[in-house]
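Input: a single structure, listed below in structure tokens.
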Amino acid sequence: MAEHRITYKFRLYPTRQQAALFEQTLGLCQELYNAALQERRDAWRLNRISVNFAAQSAQLPDIKAVRPELSGVYSQVLQDALRRVDKTFKAFFGRVKRKQKAGFPRFRSSSRYDSFTHPQGGFSVLGSHLCLSKIGKVKIKLHRPIEGKIKTLTVKREAGKWYACFSVECEAMPLPPNTESIGVDVGLLAFATLSDGTEIENPRYYREAQKKLRRAQRKVARRKRGSHRRRKAVLLLRKTHAHIRKQRADFQHKISRWLVDNYGLIAVENLNVKGLAAGMLAKSVSDAGWGAFFAKLEYKAASAGRQLIKVNPSGTSQTCACGAHTPKELSQRWHKCSECGLSANRDHVSAQVILQRALGLSVQVLSQALA
Ligand SMILES: [Zn+2]
């Protein structure tokens, strides 16, 4: 069964010293990559011999003996650089075999060598830090939780910024094909509104749990610092938080499961887009919640073989399903279009616009694939 992978990309905030270590790691990997490429090129050009990954990997201890700097790099990261050369050559020989135009694998300049990969281990995520073997604890912004099992980590330099890309494995649980599509507008009043008009309410216990939480917070605030009673109140507050988190996660699992079971194409807004449109501030503030929901949705969609399309959120609430511009304040809950006469719940129309945008995108992708 095909393996399903999702990539999660997070911004890293290395200290100056850590950034220098990243650069150093990239430089050493690039050097190794080019040296491995050179060896293979020479072997092929001079003797028509192909050197394989195992043979190159076996030389690493000897190379380290003459280049001690390499010992400052996690050894699997070095192996991965060799693995990349291997992939490039396999692709090259594949093209030769199929009698396609086969450009010989090329050396990489330092500007084009911009990532290194931990293929198995040597890293872990602890709170707001990514712990990297040989480098240390690097600050990471986990803007959404990771669903599934982390397999590899790639540290990447992009326009002077650093990113951690986790490749996460999804269990493959394919569902029979489904041609139904749906747009989902996550909201502030209802949990979500669908393009067919369905409203998914926030569960009732949300409000009760919020009340409980406020009571627990007040209790902590009232009690004297350092007292036994305060410690007890803090414990209660923590328990209440954990309970709410679990309830929320359960609810999000249930809704995402239902969507994936019933629809072949699911359209949502891409709330990670920089500079959310006017009126989207509230959504971006509660982003953590939506991020967690979308992560569950993405994971389930990928493992079931469903399409999840994230569209540009700009103006989804200010556009009619007919395409007309329909400006409205945040407080205005009803949509009325003077162009086509559509009169409906504001979020219902937004969900339709989200679906339209997604269908537009999937048509583009399809026509590009056919062209
Ligand atoms: Zn209209």
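Sorting Arg257, Arg16, Arg106, Arg306 on solvent-accessible area from highest to lowest, probe radius 1.4 Å, gives Arg16, Arg106, Arg257, Arg306.
Considering only alpha-carbon pairs that sit under 8 angstrom and 6 or more positions apart, the relative contact order computed for the range 1-144 is 36 percent. The helix-based estimate of mean residue ellipticity at 222 nm for the chain, built from -39,500 (n - 2.57) per DSSP H run of four or more residues and divided by its residue count, is -15500 deg cm²/dmol to the nearest 500. Shape descriptor for the chain: Rg over Rh equals 1.05 (Cα atoms; Rh from the Kirkwood inverse mean 1/r).
For the range 120-205, trypsin sites (Lys or Arg not before Pro) are listed when DSSP marks them as loop and at most 15 other Cβ atoms sit within 10 Å of their Cβ; the list is Lys134. Contact order for the chain, expressed relative to its length and based on alpha carbon pairs under 8 Å spaced 6+ residues apart, stands at 18 percent. The distance between label points at Asn202 and Ala58 comes to 6.4 nm (points 7 Å beyond Cα on the Cα→Cβ vector). When a/c is below 1.5 the answer is rounded, else prolate if a/b is larger than b/c, else oblate, so apply that to the range 87-159 with a ≥ b ≥ c taken from the square roots of the Cα gyration tensor eigenvalues. The shape class here is prolate. Extension gain for Arg5-Ser128 works out to 41.9 nm (0.36 nm per residue, less the C-alpha to C-alpha distance). Annotation: Cys337 carries an accessible surface of approximately 10 Å², with a 1.4 Å probe and no ligand, DNA or RNA atoms counted.
With the whole protein complex present, Val66 retains an accessible surface near 110 Å², based on a 1.4 Å probe.
Applying a DSSP loop filter and a limit of 13 other Cβ atoms within 10 Å to the chymotrypsin sites (Phe, Trp or Tyr not before Pro) in the range 47-125 leaves Phe107. With R₀ set to 56 Å, the beta-carbon distance separating Arg222 from Arg333 gives a calculated FRET efficiency near 0.90. The spacing between the range 125-173 and the range 1-77, judged by their C-alpha centroids, is 19 Å. Mean separation of Cα pairs under 8 Å and 6+ residues apart, divided by the residue count of the range 106-155: what relative contact order is that in percent? Normalised by residue count, the contact order of the range 106-155 is 40 percent.
Would you kindly state the longest site-free stretch of the chain, with sites defined as GluC sites (Glu not before Pro) in a DSSP loop (not H, G, I, E, B) surrounded by at most 16 other Cβ atoms within 10 Å? That gives 4-170 as the longest site-free run. Loop-located trypsin sites (Lys or Arg not before Pro) across the range 28-78 with a Cβ neighbour count of 15 or fewer within 10 Å are Arg48, with loop assigned by DSSP. Binning the alpha carbon pair distances of the range 82-212 at 5 angstrom intervals from zero yields the distribution 2, 7, 10, 11, 11, 12, 13, 13, 10, 5, 4, 2, 1, 0, expressed in whole percent.
The values are calculated or read from the model by the stated rules, or taken from the named source; none is laboratory data. What you see is a predicted model, and the numbers here were worked out from it, not measured in a lab. Because the Cβ atoms are built from the backbone with ideal geometry, glycine has one as well, and the counts that use them run over all protein chains shown. SASA here: full protein model, heavy atoms, side chains in, ligands and nucleic acids out. Shrake-Rupley method; radii C 1.70, N 1.55, O 1.52, S 1.80 Å.
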